[in-house]
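Enquirer: Here you go, one structure.
Every number here is computed from the coordinates shown, using simple stated rules; none is lab data. Just so we're clear, the structure is a prediction, and the values are computed from it rather than from any experiment. Please note: Cβ atoms are built from the backbone with ideal geometry, for glycine as well, and neighbour counts cover all protein chains shown.
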Amino acid sequence: MKKAIITLSVIGALGTGLLLNDSHDSHQDEHHGHGHGHEDEHAHVHEESTKAQIALVSPIPNDQDYNAPLASLGFTLFNDPKLSSNGKVSCASCHNLATNGAEITPVSTGVKGAGDRNSLTVFNSSLNYRFFWDGRANTLLEQLDGPVENPLEMDSSWEEIETYVLGNTHYKEMFTGAGLKISKDNIKLALTEFMRALNTPNAPFDRYLEGETTALNEQQTRGWNEFQDQGCINCHRGVNIGGGLVTRFGYFGLPDNAEEETSAKSNMFRVASLRNVAQTAPYFHDGSVESLREAITIMAKVQLGKELSEQSIEDIHSFLQTLTGEKPQILQGGVNAKN
Ligand code: HEC
Ligand code: HEC
């Protein structure tokens, strides 16, 4: 436990360091460092800055590279409530595949009808660098123990799940079909393979990054520029526009409604991925904020110490809509009818 806390604060320190280094000047350095030195003389300031920033964000790869039989086995496990202690809660109970891979309630409810965290979406989760709201798990495989063993979630164990799967003829066929024997490790492998198949590529912003400049309209382009100029990109970056850093929530104070957090020793959280963010309300780890505009306002205030203008909030809001991608391929067509 102690070790985990130390690791988090080191990462926190790195996060802060990164922020300090990411002043506008160092963006200039980066700009030259990456050799984008040959823009034509008509280039606008924003176009230049966009070129420099593109190195900080990247599109979701379009090729859905996963093992299909294994992922479809994972799909079946994901939807199976028998994996939980009372036979009623599946992964899909809290991660709705028909909507956004998460759920719309502020906090999740597990086998005992109570929970303490807003569910994270499983869409694009395999592209995150660390897992859970506080970044405590290092790999997707490691995070799997969380929901399975958490008494508030599925309240089960891999031993119990293995015994159940071993006794089920349908699973026997599916494992044989995927060329695997039934074991705890292979059950986890199937679940993680399914999650690797849950990417949502081809968002308008991805197409924009790939050179289709008309994929963003005028307001959305202004919003993207604001997102960079205001400093959101210092934290929300990488392929998931977040998901790769653990930082303090509230460098400049806490949101007004966050009383419970003031007593918390550290307030370290993973920078949330903004992929599909227009569809993943409510916001923040406690699901306390329903409106995306309000989430943007709070972020500017507590992470950047800034009061944004109405126009700027509207523009960023409109840019964030362009991060909504296509439904994962594996859920298109007949597959999600099973859900
Ligand atoms: C009772 C509700 C519930 C159930 C059941 C549940 N989850 Fe979750 N899941 C959550 C919540 C809440 C979080 C965020 C927890 C946190 O950060 O502390 C989460 C986080 C995750 C994440 C992390 C995403 C990220 O970006 O870090 C993944 C992946 C995930 N769950 C997959 C699964 C799988 C696979 C199962 C089934 C084995 C499952 N979940 C079952 C509620 C649930
Ligand atoms: C210092 C780092 C940092 C900066 C700068 C920052 N954010 Fe965040 N952002 C975070 C963290 C950390 C979270 C997760 C907070 C939590 O755990 O509830 C987050 C969460 C969010 C969320 C909620 C996502 C969700 O699914 O709940 C939105 C929306 C958001 N940020 C937008 C922005 C915008 C827009 C800006 C610029 C005005 C910005 N952020 C600047 C670190 C940052």
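Enquirer: Taking the Cβ of Asp315 as the center, what net charge do the other residues with Cβ under 13 Å away carry, scoring Lys and Arg +1 and Asp and Glu -1?
Expert: So the surrounding residues net to -3.
Enquirer: Under the 0.36 nm per residue contour assumption, what length would be gained going from the current alpha-carbon distance of Gln219 and Glu290 to full extension?
Expert: Between Gln219 and Glu290, full extension yields an extra 23.3 nm.
Enquirer: Also, quick follow-up: When the gyration tensor of the stretch 166-238 is built from Cα positions, what are the square roots of 5 times its three eigenvalues, in whole Å, from largest to smallest?
Expert: Values: eigenvalues 398, 43, 13 Å².
The three semi-axes for the stretch 166-238 are 45, 15, 8 Å.
Enquirer: Around Gly74, what is the net charge, scoring Lys/Arg as +1 and Asp/Glu as -1 over all other residues with Cβ under 11 Å from its Cβ? Display every interim value, and only then the final one.
Expert: Values: positive: Lys188, Arg196; negative: Asp80, Glu193.
Charge balance near Gly74 sits at 0.
Enquirer: Decide, for the stretch 172-311, between rounded, prolate and oblate: order the square roots of the alpha carbon gyration tensor eigenvalues as a ≥ b ≥ c, take rounded if a/c falls under 1.5, and otherwise choose prolate if a/b is larger than b/c, else oblate. Intermediate values should be presented prior to the final figure.
Expert: Working: a/c = 2.85, a/b = 1.44, b/c = 1.97.
Because a/c hits 1.5 or more and a/b fails to exceed b/c, the stretch 172-311 counts as oblate.
Enquirer: A follow-up question, please. By counting other Cβ atoms within 10 Å of each Cβ, how are Arg293, Arg237, Arg248 ranked from fewest to most? Write out the running numbers ahead of the final one.
Expert: Details: Arg293 14, Arg237 23, Arg248 17.
Going from sparsest to densest Cβ surroundings: Arg293, Arg248, Arg237.
Enquirer: Taking a temperature of 37 °C and a viscosity of 0.692 mPa s, what whole-number D in µm²/s does Stokes-Einstein yield for the stretch 93-197 with Rh from Kirkwood over alpha carbon pairs? If you can, show how the numbers build up before the last one.
Expert: Details: Rh = 14.8 Å.
The estimated diffusion coefficient comes to 221 µm²/s.
Enquirer: According to the square roots a ≥ b ≥ c of the eigenvalues of the Cα gyration tensor, what is the shape class of the stretch 131-182, taking rounded for a/c under 1.5, prolate for a/b larger than b/c otherwise, and oblate for the remainder? Don't jump to the answer; show the numbers that get you there.
Expert: Working: a/c = 3.79, a/b = 1.82, b/c = 2.09.
In terms of gyration-tensor shape, oblate.
Enquirer: In addition: Kindly list the residues of the stretch 270-292 that lie in the label zone of Thr99, defined by a backbone N under 19 Å from the point 7 Å along the Cα-to-C-beta vector.
Expert: It comes to 273-292, nothing else.
Enquirer: Here's a follow-up. In a shell of Cβ-Cβ distance under 12 Å around Thr163, excluding Thr163 itself, what net charge do Lys and Arg (+1) and Asp and Glu (-1) give?
Expert: Details: positive: Lys82, Lys184; negative: Glu159, Glu160, Glu162.
Charge balance in the 12 Å sphere: -1.
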